[in-house]
Number of protein chains: 2
Amino acid sequence: MGEDYKAGCPPNNAAPAGDGGPEATEAEEDFVDPWTVQTSSAKGVDYDKLIVRFGSSKIDKELINRIERATGQRPHRFLRRGIFFSHRDMNQVLDAYENKKPFYLYTGRGPSSEAMHVGHLIPFIFTKWLQDVFNVPLVIQMTDDEKYLWKDLTLDQAHGYAVENAKDIIACGFDINKTFIFSDLDYMGMSPGFYRNVVKIQKHVTFNQVKGIFGFTDSDCIGKISFPAIQAAPSFSNSFPQIFGDKTDVQCLIPCAIDQDPYFRMTRDVAPRIGYPKPALLHSTFFPALQGAQTKMSASDPNSSIFLTDTAKQIKTKVNKHAFSGGRDTIEEHRQFGGNCDVDVSFMYLTFFLEDDDKLEQIRKDYTSGAMLTGELKKELVEVLQPLIAEHQARRKEVTEEIVKEFMTPRKLSYDFQ
Amino acid sequence: MGEDYKAGCPPNNAAPAGDGGPEATEAEEDFVDPWTVQTSSAKGVDYDKLIVRFGSSKIDKELINRIERATGQRPHRFLRRGIFFSHRDMNQVLDAYENKKPFYLYTGRGPSSEAMHVGHLIPFIFTKWLQDVFNVPLVIQMTDDEKYLWKDLTLDQAHGYAVENAKDIIACGFDINKTFIFSDLDYMGMSPGFYRNVVKIQKHVTFNQVKGIFGFTDSDCIGKISFPAIQAAPSFSNSFPQIFGDKTDVQCLIPCAIDQDPYFRMTRDVAPRIGYPKPALLHSTFFPALQGAQTKMSASDPNSSIFLTDTAKQIKTKVNKHAFSGGRDTIEEHRQFGGNCDVDVSFMYLTFFLEDDDKLEQIRKDYTSGAMLTGELKKELVEVLQPLIAEHQARRKEVTEEIVKEFMTPRKLSYDFQ
């Protein structure tokens, strides 16, 4: 699973999909794979074009309404605002759900450092919501083996980061009775069912295929080359015999950032050839760096994002000093011409974290008209982020080693399937 | 681990090493890798040239004498007759042994079918002898994952063959208190220590390297490409924490047929880069097919070898009908000119299985002079093979499911190291 992005922002609904096609603007094409997300636009990646290029489907109003009808819950703000904007086979998951057939959630994280930032929480916040409204089991893969293979880390470091990151994930509020978090380095050595699926996938994917999908070269280590099978395996329910027994047909739904889609395109290609159902997907946009949607967030640059360990004061300083502004050069100009929400990082962050739709719309209007100044906009964001981070830190403090151990122990999960 | 060879025979000591070098006879060069052994000579592979090509060392009289001094035991006939003919770092193992430092044995088998033939026993007969004379622990890898990846088998078939083959291996007489037999498909999911070493090795070997060593191509599946790390991992003692705890420095000695050497050249290349000692090796020649050293033994052709399930009558018929003869066309010619032991498969088999050196030499002389006829030579072989196979079958019958289970359970082994 990836971790740091050259950041994007929620999709701009103004740009219709398919205008011109991918070839038309080759020179300015965004680049998205699990290790690199690149765009030259301050508005971020063009997500409508990405949908066309990846061959996924847009999460449209109709699908959001269907989710609302099926769950009886108001759609999460990430759905309402197009932050989860693309999917594969979500209608199939809903068909199954409406027919009382089981499904499970699978998401993950590549633990490349102890430090997680607010952007890393996006898939987990949404996954927790999905777990709550659908009442389904969830598996969370910590790809410490991947981080060991890709980064200059020891096995123990990568594994240590997996455990530390698990605490932040647990602090998102997952149901301990319905959630299994696993480190690959641990779980591979605890579950013959998991390794069997890894080998099955590895038999059905050639080097040519991973070369095409992931851009591997002959100089890459054989660990990288075979790793995609390890990220694919949790998509199949018999990788978790302690949860699903020998059932091979429990439908899997994967919420993740869209840069992870190449892994699951490969998985979906393999699935029917090894007799398993294809996993369904829900894709999110990228979380922008403080410095702007076209710059790179980095765990080694503490000013590129808001970290989950930041104090209230640090949050205030970072937003005020570093959040890229869509405002004008002078107050006079700003009052006259207004600010640009499309490139303003503080506004983008509010779309992720401010729950109140009406208030968000009011801010958008006021900032665009010039009625609201940049300092005022930033103050709104600081007032959303400070309690959010403080509450996260309070919840994380309550995550004891025993709780981590229980989440990370292969065990039965409680769920309602027949 | 490989299984069926285009067979060779014990090295002919008459051919001095290095005459002409590998380039001189490019057109007639033998081909040896873990999947293919090819020679156009009825005498089999030119092992002296193979030593030069692989860069290993010849097991000479001096080394055999040293093994005899160290163990206080008469060298096994496979050493006396050059059947184990090549090594890497065996002197280092003896240094350690003489200084009371521990080492362990590692060998294995690729379980591609239920049927094993006498040739498959060669490494195990020799490994049992090594275990007895050095009194050391032994791990035996059943590469059922490899066979799944390479052959048209299901996971359950490959795993089933691993268990069936383990019975024949156990019937060789290994000490249950000093021997751990494992199926990769089982053990990978039972031991985080094993997977950690696999990933470590996979990080330090590139596709370019396995392409060079094993001839993999872009069309090969990623399972094959990463498999060499799985055969390499048991060379490192911390792959078996239940036996060696967290010790990473217990020296490993691998007896195997020389076609497996590419795996361990790779392993020895990686070892110092991940902080582990290089495994030492003892290489055997190939066991010839009944039809001659330049033909292929095959589990699907029951007449190409003597199987461990053959009856006394089948053995007699096979040897008489199919064993390639170095005799002359007529009795008169044979009496006058004598037979050729260098290409006679019955004689080759006797070098593997007849314990009595004097008797073997007498047979060689008599057959070469023409005093012994082909029928008589074959009778000698039948009389050696029939009790050998019958005794094996009797011992195998005593191998209960419980005994197999105990051999295949990760556990402490008893050994004398400090």
One decimal, nm, nearest first: from A:Gly245 to the same residue in each other copy, label points 7 Å out along Cα→Cβ, the values are 4.3
Checking segment B:97-200 for trypsin sites (Lys or Arg not before Pro) in a loop per DSSP with at most 10 other beta-carbon atoms within 10 Å yields B:Lys100
Helix A:357-369: inclination vs chain A longest Cα principal axis, degrees, rounded to 10, gives 40
Along the dipole axis of the protein assembly as shown (charges at Cβ: +1 for Lys and Arg, -1 for Asp and Glu; origin at the Cα centre), the most positive-end residue among B:Phe85, A:Val118, A:His204 is A:Val118
Quick shape check on segment A:33-290: root eigenvalues a ≥ b ≥ c of the Cα gyration tensor, a/c under 1.5 is rounded, otherwise prolate if a/b tops b/c, else oblate, and it reads rounded
About its Cα centre, the protein assembly as shown carries a charge dipole, from +1 on Lys and Arg Cβ atoms and -1 on Asp and Glu Cβ atoms, whose size in debye to the nearest 20 is 1120
The summed charge of the A:Glu406 Cβ neighbourhood (under 13 Å; Lys/Arg +1, Asp/Glu -1) stands at +2
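Placing +1 at every Lys and Arg Cβ and -1 at every Asp and Glu Cβ, with all other atoms neutral, what dipole size does chain B have around its Cα centre, in debye to the nearest 20?
So the magnitude is around 820 debye.
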Filtered hits (aspartates and glutamates, Cα-Cα < 19 Å from B:Lys316, offset >= 8 within chain) -> B:Asp301, B:Asp344, B:Glu376, B:Glu380, B:Glu383, B:Glu391
With 0.36 nm assigned to each residue of separation and the Cα-Cα distance removed, B:Asn91 to B:Asn177 gains 28.3 nm
Of the listed pairs B:Lys167/B:Lys296; A:Lys412/B:Lys412; A:Lys203/B:Lys313, those with alpha carbons more than 32 Å apart are A:Lys203/B:Lys313
Among residues of chain B, the one whose beta-carbon sits nearest the axis that rotates B onto A, given with its distance in integer Å, is B:Ser226, 2
With the 8 Å Cα cutoff and a minimum separation of six or more residues, segment B:312-398 has a relative contact order in percent of 34
One decimal, nm, nearest first: from B:Gln393 to the same residue in each other copy, label points 7 Å out along Cα→Cβ, the values are 7.8
Inter-copy distances for B:Thr36, label 7 Å out on the Cα-Cβ vector, sorted ascending, nm, one decimal, are 3.7
Distance in Å, no decimals, from the C-alpha centre of segment A:362-383 to the one of segment B:106-180 is 72
Calculated from DSSP helices alone, with each H run of at least 4 adding -39500 (n - 2.57) and the total divided by the residues of chain B, [θ]222 nm to the nearest 500 comes to -13500 deg cm²/dmol
Excluding ligands, DNA and RNA, the carbon-plus-sulfur percentage of the accessible area of chain B with a 1.4 Å probe reads 49
Per DSSP, the loop-located GluC sites (Glu not before Pro) within segment A:333-418 having at most 10 other beta carbons within 10 Å are A:Glu355, A:Glu398
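Would segment B:335-418 count as rounded, prolate or oblate if I go by the C-alpha gyration tensor, calling it rounded below 1.5 in a/c and otherwise prolate when a/b exceeds b/c, oblate otherwise?
Details: a/c = 4.34, a/b = 2.53, b/c = 1.72.
Cα axes put segment B:335-418 in the prolate bin.
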When the charge dipole of the protein assembly as shown is computed with +1 on Lys and Arg Cβ and -1 on Asp and Glu Cβ about the Cα centre, the Cα farthest towards its positive end, among B:Ser414, B:Ala289, B:Gln131, belongs to B:Ser414
Any trypsin sites (Lys or Arg not before Pro) in segment A:223-273 that lie in a DSSP loop and have at most 16 other Cβ atoms within 10 Å would be A:Lys247
Nearest-0.05 FRET efficiency for B:Ser40 and B:Glu68 at R0 = 45 Å, using Cβ-Cβ distance, is 0.80
Measure of exposure for B:Arg53: accessible area at 1.4 Å probe, Å² rounded to 10, is 90
Once amide hydrogens are built 1.01 Å from N within the peptide plane, the residues lying 5 or more places from B:Met297 or on another chain with amide H under 5 Å from its amide H are B:Tyr5, B:Lys6, B:Ala7, B:Ala289
Looking only at aspartates and glutamates whose Cα falls under 13 Å of B:Lys147's and that sit 8 or more positions away or on another chain, we get B:Glu3, B:Asp4, B:Glu114, B:Asp156, B:Asp184
Extend 7 Å from the Cα of B:Thr317 along its Cα-to-C-beta direction; within segment B:357-390, residues with backbone N under 20 Å of that point are B:375, B:378-390
Checked segment A:280-365 with the C-alpha gyration tensor, a ≥ b ≥ c its square-rooted eigenvalues, rounded below a/c of 1.5, otherwise prolate if a/b is larger than b/c and oblate if not; verdict oblate
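Given a 1.4 Å probe, how much area per residue of the protein assembly as shown is accessible, in Å²?
38
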Given a Förster distance of 22 Å, the FRET efficiency implied by the Cβ-Cβ spacing of A:Glu398 and A:Thr309, rounded to the nearest 0.05, works out to 0.90
For chain B the mean separation of alpha carbon contacts under 8 Å (6+ apart) over residue count, i.e. relative contact order in percent, is 21
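The values are calculated or read from the model by the stated rules, or taken from the named source; none is laboratory data. Keep in mind the model is a prediction, meaning the values are calculated, not measured. Using ideal geometry, Cβ is built from the backbone for each residue, glycine included, and neighbour counts are taken over all protein chains shown. Accessible surface is based on the protein model in full, side chains and every heavy atom, while ligands, DNA and RNA are left aside. Shrake-Rupley method; radii C 1.70, N 1.55, O 1.52, S 1.80 Å.
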